[in-house]
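Data block below; observations after.
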Amino acid sequence: SAAKPERENLANIRKGEYEVLAQVLGKDQSRDPDFGPAKIHPTAGATAVGAREQIINFNVNLNTSDMNLAKDIARRIRTSGGGLPHLRAKEIELGGQGKVQVSTVLGNYKVTGLKTVCENIEKIAGSAGVSITESELVGVVPSRALEECAMSQLRVKGFDPDKQILEIKLLELFLSRLEGRADSGAGISWENGLNAFCDALAKPDPIPGGGSASAGAAAMGIALMQKVFSLQIKRNVKEGKPAVEQQRLESLMTKLCGWSRRFRELAQEDALSFEAVTKAYKIPKTDPSRSASIQGAFKKACDVPLETLSLAVEAVNALSPEKNSVHPSVASDFKVGIYCLVAAQMGAKENVLINLDSIKDENYKAQMTAKLKTLEGTVRVAEKV
């Protein structure tokens with residue numbers, strides 16, 4: 001994924017390590033980063049981020065103690081010596097075993113595979129009257145790398161691992177059921193997910209409670225909106241609507257994804273925040289930190305539903321003007337989505353108020369009350385949809 005060919009090798013980027021990099025950034029353009037300022041961050045330093053194929057550490061042992069031979073083989077097969085592409089290699093003496101090792105790293109097994117590496121080592125070693133005693137794989141290895149090697153050795157014609165390897169077929173079946181796609185209904189389907197959430201709410205336990213339910217309602221409302229506008233985008237493409245309209249809806253979809261993620265997180269955070277309250281109450285009454293812990297936990301239990309309320313208001317204000325652009329076939333989904341968000345607003349407000357009653361900090365209570373009053377004007381919008 002390197003932006004420049006010379007940066008494909010991480011060793012080139014690391015050259016001179018931190019001290020040298022700090023000196024040359026901003027002075028030597030070849031060392032400047034692809035993104036961000038050309039200077040070292042005062043606390044975080046510098047970070048190199050890239051993407052590559054899964055590497056394979058593959059070692060081949062030879063029945064000789066001749067390090068010169070191992071060195072010659074490593075030099076001839078590695079990329080830097082003009083050998084095989086995407087391959088690093090070095091010689092290692094196996095002390096006490098009377099053997100030497102050619103240690104290799106396959107940077108892209110799809111270009112240079114295990115079989116190719118092994119054959120090249122065997123060919124060079126064989127010309128010197130030396131044979132391979134064994135090889136070893138260090139760490140994990142992609143199954144495809146072994147499949148390619150095995151099928152080539154067996155000379156299997158037209159082999160398709162996706163269709164002919166039992167474990168892959170079993171994994172595919174398992175994943176399809178896990179995602180709820182199987183006809184049997186096994187795995188985590190939307191029905192099972194809903195049942196689990198409702199069962200958790202129905203239990204006589206303090207969590208999850210109304211705060212999680214409010215965030216959950218908001219998440220469902222946003223999910224319906226994602227359906228509505230995904231269909232609208234597809235319809236626009238089919239009808240050849242202007243690109244500017246598509247861009248507007250795609251921007252809206254980005255917002256919906258962000259709201260969806262945050263509401264789901266808030267449903268969990270609300271449960272965790274009230275769990276902190278119950279834990280605080282279990283602190284011995286003789287502990288001087290007990291009161292502060294309880295008050296801090298109640299403030300967090302107010303902050304979470306307030307964020308749910310604020311985000312739900314933001315979402316409704318952004319989505320309500322879209323009602324006239326929604327296709328009649330999904331108008332009811334749009335309205336239900338708005339109603340879910342309104343319910344989330346009202347429920348979140350109640351959760352803020354009930355936790356606020358237990359807080360002794362009058363300044364905090366005044367600030368929270370003011371925030372609620374500011375948001376209150378946008379709570380009841382159902383009649384407008």
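The values are calculated or read from the model by the stated rules, or taken from the named source; none is laboratory data. Keep in mind that what you see is a predicted model, and the values were worked out from it rather than measured. Reconstructed Cβ throughout: ideal geometry from the backbone, glycine too, with neighbour counts over all protein chains shown. Each accessible area value is taken on the protein alone, full model and side chains, heavy atoms only, with ligands, DNA and RNA left out. Shrake-Rupley method; radii C 1.70, N 1.55, O 1.52, S 1.80 Å.
Are any of the residues in region 306-313 farther than 20 Å from Q226 by Cα, crowded, with 16+ Cβ neighbours inside 10 Å and in contact (Cβ under 8 Å) with a residue 12 or more places away in the chain? The answer is yes; a qualifying residue exists. Out of the residues in region 319-366 meeting the condition of being more than 20 Å from E250 (Cβ to Cβ) and outside any helix (DSSP H, G or I), tell me which one is most open to solvent (accessible area, probe 1.4 Å). Here the residue is K360. Looking at V105, is it open to solvent by less than 50 Å² (accessible area, probe 1.4 Å), touching a strand residue (DSSP E or B) at 6+ places or on another chain (Cβ under 9 Å) and within 17 Å of K123 (Cβ to Cβ)? It is false that V105 is open to solvent by less than 50 Å² (accessible area, probe 1.4 Å), touching a strand residue (DSSP E or B) at 6+ places or on another chain (Cβ under 9 Å) and within 17 Å of K123 (Cβ to Cβ).
Residues that are within 26 Å of N236 (Cα to Cα), under 33 Å from the mean Cα position of the chain (by Cα), of a type outside the set (A, V, I, L, M, F, W, C) and open to solvent by less than 70 Å² (accessible area, probe 1.4 Å) are absent from region 288-299.
Scan (1) of a type outside the set (S, T, Y); (2) without any contact (Cβ under 8 Å) to a residue 40 or more places away in the chain; (3) open to solvent by 40 Å² or more (accessible area, probe 1.4 Å); (4) over 21 Å from Q345 (Cβ atoms) for the single condition C257 breaks and write down its number. The number of the failed condition is (4). Filtering I56, I92 for residues that are touching a Ser or Thr at 6+ places or on another chain (Cβ under 6 Å) and either open to solvent by 40 Å² or more (accessible area, probe 1.4 Å) or of a type outside the set (S, T, N, Q) (or both) leaves a single hit, I92. Among the residues of region 157-191, those identified as surrounded by 12 or more Cβ atoms within 10 Å (Cβ to Cβ), at pLDDT 70 or above and not in a helix (DSSP H, G or I) are F159, I165, S189. When region 8-28 is filtered for residues that are touching a residue at least 40 places away in the same chain (Cβ under 8 Å) and open to solvent by less than 60 Å² (accessible area, probe 1.4 Å), nothing remains.
Checking the structure you have, find out if any residue of region 260-281 is open to solvent by 80 Å² or more (accessible area, probe 1.4 Å), among the hydroxyl-bearing types (S, T, Y), free of Cβ contacts under 8 Å to residues at least 24 places away in the same chain and more than 17 Å from K360 (Cα to Cα).
No: region 260-281 contains no residue that is open to solvent by 80 Å² or more (accessible area, probe 1.4 Å), among the hydroxyl-bearing types (S, T, Y), free of Cβ contacts under 8 Å to residues at least 24 places away in the same chain and more than 17 Å from K360 (Cα to Cα).
Applying the condition of being among the basic types (K, R) and farther than 15 Å from I55 by Cβ to region 112-147 and asking which residue is least open to solvent (accessible area, probe 1.4 Å) yields K115. Among residues of region 65-83 being within 39 Å of the chain's Cα centre (by Cα) and assigned to a helix (DSSP H, G or I), the one that is surrounded by the fewest Cβ atoms within 10 Å (Cβ to Cβ) is S80. All told, A318 falls short of being touching a residue at least 24 places away in the same chain (Cβ under 8 Å), among the hydrophobic types (A, V, I, L, M, F, W, C) and over 17 Å from M225 (Cα atoms).
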